[in-house]
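A.B. asks: Below is a structure I'd like to ask you about.
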Amino acid sequence: MKVHVSDHPLITHKVTVLRDEKTPTSIFRELISEIVTLLAYEATREIKTTPTQVRTPVAMADGALLTKPDPVVIPILRAGLGMLDGMVRLIPSVQVGFLGMVRDEETLQASTYANRLPSDLRGRQCFLLDPMLATGGTLVAAIHYLLDLGASDITVICIISSPEGVAALEKEFGDLDSSITINILTAALDTKLNEKGYIVPGLGDAGDRLYGVV
Ligand code: URA
């Protein structure tokens, strides 16, 4: 499993504004989307393409197009939904699946409450979207879900991660068979989790900041 923390100055700038408690919801949503587009650019560096040729008005040109079937993007509900737009903007042809995971605030255990995914993920490149890698419980459960459907190429895109969350994923998936690739790409790696499971300094509750408190 590989973990990559982005050091792109534009991403750092946008994450800094995102963290600010004074940033209003409308700007927060726009920033999440922009950060994901920039992260997705890095995350898709290894995306599979197939060589092809096209006729320009002048001559034939060698090129490459995304290999079929198209990648699958899976936002984890609810906060991951705020990241979808930024990903689809970069790869409009992606197929979108949904995974609803809820975290028990007392036990911090994650469980699935909804899903809409292709039944067979063998050979599909999967991009899992979740803004906050906190305890890692949600992502551990989500990755297992995708592995059970046959996925072997999973890239997790997060905005902010905690060292505890990264360690939890490494413990669970660090020794997987070499035929399975799991990459984590995050815009920031923060200091720690607090006693309530929030990332410090983090940005608070990403779902609440995206959609308001419900
Ligand atoms: N989920 C959030 O939205 N924020 C955190 O800090 C941790 C989990």
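A.B. asks: For a quick protection proxy, order the peptides 66-77, 133-144 by their average other-Cβ count within 10 Å, most packed first.
C.D. replies: The most tightly packed comes first, giving 133-144, 66-77.
A.B. asks: Between L90 and H4, what is 0.36 nm times their sequence separation minus the Cα-Cα distance? Round to one decimal in nm.
C.D. replies: Once the chain is fully extended between L90 and H4, it gains 29.0 nm.
A.B. asks: Could you order peptides 85-91, 151-157, 25-31, 53-59 by the average number of other Cβ atoms within 10 Å of their residues, highest first?
C.D. replies: 151-157, 85-91, 25-31, 53-59
A.B. asks: Could I ask something else about it? With an 8 Å cut-off on Cα pairs and a minimum separation of 6 or more residues, tell me the relative contact order of region 2-211 in percent.
C.D. replies: Relative contact order comes out at 23 percent.
A.B. asks: OK, next. Can you give the alpha-carbon Rg of the chain over 2.2 N^0.38 Å, where N counts its residues?
C.D. replies: Compactness ratio reported: 1.04.
A.B. asks: A further question on this structure: Using modelled amide H (1.01 Å from N, peptide plane; none on Pro or chain starts), what sits under 5 Å from the amide H of R124, excluding residues fewer than 5 places away?
C.D. replies: Distant-sequence amide H within range of R124: S152.
A.B. asks: Figure the gain on full extension for Y211 and T25 (residue separation times 0.36 nm, minus the Cα-Cα span) and round it to one decimal in nm.
C.D. replies: My answer for the length gained is 66.2 nm.
A.B. asks: Can you figure out the FRET efficiency of D104 with V58, using R₀ = 45 Å and their beta-carbon distance, to the nearest 0.05?
C.D. replies: E(calc), rounded to 0.05, equals 0.15.
A.B. asks: Could you state the number of Å between the C-alpha centres of region 91-132 and region 11-67?
C.D. replies: 20
Readers should treat all values here as calculations from the given coordinates under stated rules, not as data from a laboratory. Predicted model, so just to flag it, every value in this text is computed and none were measured. So basically every Cβ, Gly included, is an ideal-geometry build from the backbone, and we count neighbours across all protein chains shown.
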